[in-house]
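*Asks:* Have a look at this one.
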Amino acid sequence: MANTERVFGWHAVLATLRSHPERVVGLWLAPGDDGDRQRELRGLAEAAGITVQPCARRQLDEWVPGRHQGVVAQCRVAPPPGEQALSAHLAGLARPLLLVLDGVTDPHNLGACLRSADAAGVDAVIVPRDRSAGLTPVVRKVASGAAESVPLYVVTNLARTLDELKQAGVWLVGAAGEAAQSLYEVDLAGPLALLLGAEGRGLRRLTRERCDFLVKIPMAGAVESLNVSVAAGVCLFEARRQRLIAEKTSAAP
């Protein structure tokens, strides 16, 4: 079926039914799960006029490249929003918290980063059109529903987008293992974009040059670096911690 993809896994399928039921054109369920998740799925599908079709697990195994948990949806693919949509989104944010992923091509890493971004309250995730995993079914599965709750913007020219963020008053903080400053020494409470590169290669030169600060995560053990999704979680939750403190301080009499 043209311009569709198979979304699989309970979290990913339920998130799609909750937020974009109009995209679902087919829904298959293997026997064996009659709990709350199936009842919610059937209720959402009925409300949207979608027929839940029974299907053997071995058939679902052949359809998708991952652990489907007995549920698969055929969904229309919406083109990813780009620069114009990002500008419109940022215009409504007083103190944005953004995550920029430069060169993250592994879908499992991108999915895990989206999941951390959702948990940390990130307003948007930005990736370049080239050198990025893209929003694939595997990414949606690993993201456990976060692919539907966190806006992902795909930009043609990342360097130009970063320049525009700086002009809009957003501070760019890049993670780099060789940085002189610790993550915990930099103010992350204001309008902020955290930039992380692929594990091993790190940030590309043009991306790194646009950062206002480069920070490192202090490492106490023998390993030299963290997986990018783990590093994203550490950085995002330090930003969240600082922002919560700033909110409490400003609200104090």
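The values are calculated or read from the model by the stated rules, or taken from the named source; none is laboratory data. Since we're looking at a predicted model, the values are computed, not measured. Ideal geometry is used to build each Cβ from the backbone, glycine not excepted, and the neighbour counts take in all protein chains shown.
*Asks:* Can you say whether residue 196 is part of a strand (DSSP E or B), in the same structural domain as residue 122 (by TED's automatic domain parsing) and touching a residue at least 60 places away in the same chain (Cβ under 8 Å), as far as the supplied structure shows?
*Replies:* Judged against the criteria, residue 196 is a match.
*Asks:* Working only within region 50-71, note down all residues that are more than 19 Å from residue 18 (Cβ to Cβ) and part of a loop (DSSP other than H, G, I, E, B).
*Replies:* Residues satisfying the conditions are 55, 56, 64, 65, 66, 67.
*Asks:* Give region 157-170 a look and list any residue that's under 23 Å from residue 132 (Cα atoms) and not in a helix (DSSP H, G or I), or say none.
*Replies:* Of everything in region 157-170, those that are under 23 Å from residue 132 (Cα atoms) and not in a helix (DSSP H, G or I) turn out to be 157, 170.
*Asks:* Ok, one more. I'd like to know if region 87-102 contains one or more residues that are within 29 Å of residue 35 (Cβ to Cβ), charged (D, E, K, R), at pLDDT 95 or above and within 17 Å of the chain's Cα centre (by Cα).
*Replies:* No, because not a single residue in region 87-102 is within 29 Å of residue 35 (Cβ to Cβ), charged (D, E, K, R), at pLDDT 95 or above and within 17 Å of the chain's Cα centre (by Cα).
*Asks:* Looking at region 212-250 only, could you name the residues that are at pLDDT below 95 and in a loop (DSSP other than H, G, I, E, B)?
*Replies:* Listed by number, the residues that qualify are 217, 218, 219, 220, 221, 222, 223, 224, 225, 226, 227.
*Asks:* Also, quick follow-up: Enumerate the pairs (first residue in region 217-233 and outside the structural domain of residue 108 (by TED's automatic domain parsing); second residue anywhere and assigned to a loop (DSSP other than H, G, I, E, B) and exposed (fewer than 15 other Cβ atoms within 10 Å of the Cβ)) with beta-carbon separation below 8 Å, excluding pairs fewer than 6 apart on the same chain, so at least 6 apart or on different chains.
*Replies:* none
*Asks:* Answer with yes or no whether residue 133 is closer than 22 Å to residue 235 by Cα and in a loop (DSSP other than H, G, I, E, B).
*Replies:* yes
*Asks:* Could you grab the pairs with beta carbons closer than 8 Å, sequence gap of 6+ or different chains, first residue in region 67-93 and in contact (Cβ under 8 Å) with a residue 40 or more places away in the chain and closer than 30 Å to residue 167 by Cα, second one surrounded by fewer than 16 Cβ atoms within 10 Å (Cβ to Cβ) and of a type in the set (Ser, Thr, Tyr)?
*Replies:* Matching pairs, first to second residue: 82/156; 83/156.
*Asks:* Given (1) within 30 Å of residue 204 (Cβ to Cβ); (2) modelled with pLDDT of 90 or more; (3) out of contact with any helix residue (DSSP H, G or I) (no Cβ under 7 Å at 6 or more places or on another chain), where does residue 114 come up short, assuming only one miss?
*Replies:* Failed condition: (3).
*Asks:* Which of the residues that make up region 14-37 are part of a helix (DSSP H, G or I) and touching a strand residue (DSSP E or B) at 6+ places or on another chain (Cβ under 7 Å)?
*Replies:* Scanning region 14-37 gives 16, 17, 23.
*Asks:* From the list 189, 168, 176, pick out the single residue that is surrounded by fewer than 16 Cβ atoms within 10 Å (Cβ to Cβ), over 18 Å from the mean Cα position of the chain (by Cα) and hydrophobic (A, V, I, L, M, F, W, C).
*Replies:* Exactly one residue qualifies, and that residue is 168.
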